[in-house]
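A short write-up of the structure that comes next.
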Amino acid sequence: ACEASDWQSDTSLHCRHPGGLMSSHRLMITAAGGVGTLSESHSYDAPTIRMKGGLGLLNSPSSGGGTITVIGAGFGMFGSSVQARITTETSNRGCEASSWLSETSVRCRTASGNSGCKAVAVTVGFQAGSATMAVSYDLPSITLVVPANQAVRGNASFSISGSGFGIEQYCLRASAGWTQAEATEWGSDTGLVCLMPRGLASTLPVMVTSGLLVGTTTDLMSYDAPIVWAVWDVDGSNFPGQGGVEIMVNTSSLGTFDASLSARSAGSACEMTRWMSDSELSCKLMIGLRGTSFLAVTAGILAGTGTEAYSFDAPTLAEGTDGSNNTNSPTRSETSITGLSVGMYDSSLQVRLSGTACEASEWISEVEVSCKVASGIAGTLRAAVTVGERAGSVTELLSYDISTLVNMSFGNRPGTGGGLTTIIGAAFATADYSPGARVGVTSSEATAWLSETTVVCTAAGGVGATRRVAVTAGLSVGTITEIASYDTATIRRLESDNAPAAGGVLAPIIIGTVSDFGYTDRARLGATACEATAWVEDTTVICKIAAGLESTLRVVVTAGVVAGSSTEMMSYNVPAVSSLKSTLYNRAPFSSEAFTLSGVSFATQDNTAWARLGASAAEASVWVSDSSVSCTLTSAFRSSLSVVVTSGGGAGTTTEALSFDAVTLFSTVTGGVEEDDDGENVTTTSRANLPSTGSVSITISGASMAVVDYSTMARLGSSACEASTWVSESALVCRAGAGNVGTLRVAVTAGELAGTMTEATSYDAPTLSNSRRVNVPATGSVRVTVVGAAFGMTTYTAAGRVSSTACETSAWHSD
């Protein structure tokens, strides 16, 4: 039924048509119980294919299984038995699977095939649509042939690997070059086995035909090229130069028939070549003038070469007819040289004496040549004859006088070299033969030939002492010993004359002229070599200073075999103490705890490092590092102390680095040792109050009064005790002097340390017991004697008062 029907008039009706897949349809109208029909009144659009595409595939693999998506229209609003087919003129194969995607696309999984381009048809319901040349199968692809090289006789199996060979036998054929394989056997979609035909080509293309598809790859196979194994005749592999000898050639891969076979010796073809078998041929040689020669064999378009396959006889020299030794003279001499195999004719004959060709060479016969000798300066010479490419020689045929040195203008040179030096001698040649002069083993910077007896040279820089001088002219060498020398090194100053004890710093050493470049330069500070020495320029050497602890040192620089030195040029930093590390920087006087001294230049190793506190050495000192020394404290009674660290020959000091606890006072009591009624000694104590007459012992209790008697003293107020006796680290006995002050502080000193306590003791106050006159007139001016105690041992400005009025005069008489 229509999705919606709308009456318009007696003759018109609107209907909204539903989707469908049929071709032609009839129409039926129902109105008020009446029915009317019309056959084939309308139809649906057939499917149409507009384009093809795939998920990364343009072609389908010949084995099938590829996925393509057909794009078009009219494929229905839902999956209605959608079927896609890939068709040719002779086949109509459906896809292995078809999947409806939308009204405009259908997905198809292709079946296997081996034709070219094919049509695609899509059936939806009862309707079908198609498109020609829509899809194709991959051509066969060849990736590997094993083995890739075959014998020329053929009849050997080889395998072809690749893809697209089909999932079954599709009239499969393989070809090597343009020759079909003798047999082809299908193995799988990726492999074939073939039987190789015979041939004589080099690299070949390989072709595989599967059904209507053809795949080809180039330069994948080849036939074995001929290989020359041996060349011989009855006398071996060496032949006379006149040629005409028929030789046998052992080779391989010549083929199973005579395929335009040819052989070449060096650059010349054999006079005759004859094929005998797949592995042998014969060749008649031409005249030859070469030494060892290669032999090239061609069969078809294949070529093989054997190098140094055979040789022709080389010239053999016996002697020269003129046995005299010719010196370097403007005159020329003729020398006749006899031998064998000098050639059947003049073949660019050339005679050389050592490295110099004769001024003229003449071929006389197969056994004799003539040479016009040139002037020269070599010693004994060999003679060489070349005929074509062959050469023969004889040694020690001629000799020339060697150079002789007599004197030179300057015997001593600066280490930088330079300056012209004239060398006088003989036999320096009649022309400039690239003369060279050497001082020791070093060539001069420049050498100029002036005459047969004079050579001028510019000496190179050097560092040797006495040296020999050698002059070479051509191959001739003349020498004279101990005729030249170089200046020794001198040290002027050291840029950095002080270094840390750890070393490792670079110090330029300014020296006198030694050389223009480094001759294994070495520097030493004292008896210790620098860690590294680098030459910078003619007057500067840089030394990496090693660790050390000495004070002033000498510096030694060696360059080559020359050495220079200077004394008191350099010193190391003395140890420097920067801080003291401990749990307490103020110590008890009797403490023996360890503490650490920090600083620099304590040495890179234990060089008998010691520490002192004030004037006393530590009980123990242990080197820790270049910047740290650990030591154990001794007892002492000083306030702030300096610390001294010695390492090797250096010492470093820091002041006020450490102090000891000051004396601490707790209490004072009077008393002493007295005999009791039984004659025993007993200690008596009482409160710390003293009679003004003094001479009473007082015991002072406290701490840090030293572990031994360090001249311990006590004071009461500002007066020292008449006697002070150290008892222990916490007790001191003091015999008080006379006094008349009230409360007093007590001070105790032990060594350089002091401690005080205020209001620690007092003297008895004056007491009155009687007056010699108790009644006086109102006019006054009457003497009154007052009797009592504690008036003092001397007059302390004694003054008396009556009531609140002072006496007119007061005079002290006694205590």
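For V477, what charge total do you get from the other residues with a beta carbon under 14 Å from its beta carbon, if Lys and Arg give +1 and Asp and Glu give -1? It works out to a net charge of +1. Net charge of the neighbourhood of V574, taken over other residues with C-beta under 15 Å away and scored Lys/Arg +1, Asp/Glu -1, is -2. In this label model, R735 and T479 are separated by 10.1 nm, measuring between points 7 Å along each Cα→Cβ vector. When the P(r) of segment 188-231 is calculated, the portion above 13 Å amounts to 69% of the C-alpha pairs.
Under 5 Å between amide hydrogens, built in the peptide plane, is the criterion, and for L144 it picks out S161 among residues at least 5 positions away or on other chains. Both radii are taken from the alpha-carbon atoms of segment 82-227; with Rh as the Kirkwood radius, Rg/Rh is 1.16.
Given R₀ = 56 Å, FRET efficiency for T69-A32 by Cβ-Cβ distance, to 0.05? The formula returns an efficiency of 0.65 here. Cα-Cα pairs above 16 Å in segment 737-815: how many percent? Within segment 737-815, distances greater than 16 Å cover 64 percent of Cα pairs.
Counting only protein heavy atoms and a probe of 1.4 Å, the accessible surface of segment 765-815 is 54% carbon and sulfur. When the Cα positions of L281, V231, S262 are compared along the charge dipole of segment 160-282, S262 comes out farthest toward the positive end, with charges on each C-beta of Lys, Arg, Asp and Glu. Taking 7 Å steps out from each Cα toward its Cβ at R109 and E271 produces label points 7.9 nm apart.
The values are calculated or read from the model by the stated rules, or taken from the named source; none is laboratory data. Everything quoted here is computed from the prediction, not taken from an experiment. So basically every Cβ, Gly included, is an ideal-geometry build from the backbone, and we count neighbours across all protein chains shown. Accessible surface is based on the protein model in full, side chains and every heavy atom, while ligands, DNA and RNA are left aside. Shrake-Rupley method; radii C 1.70, N 1.55, O 1.52, S 1.80 Å.
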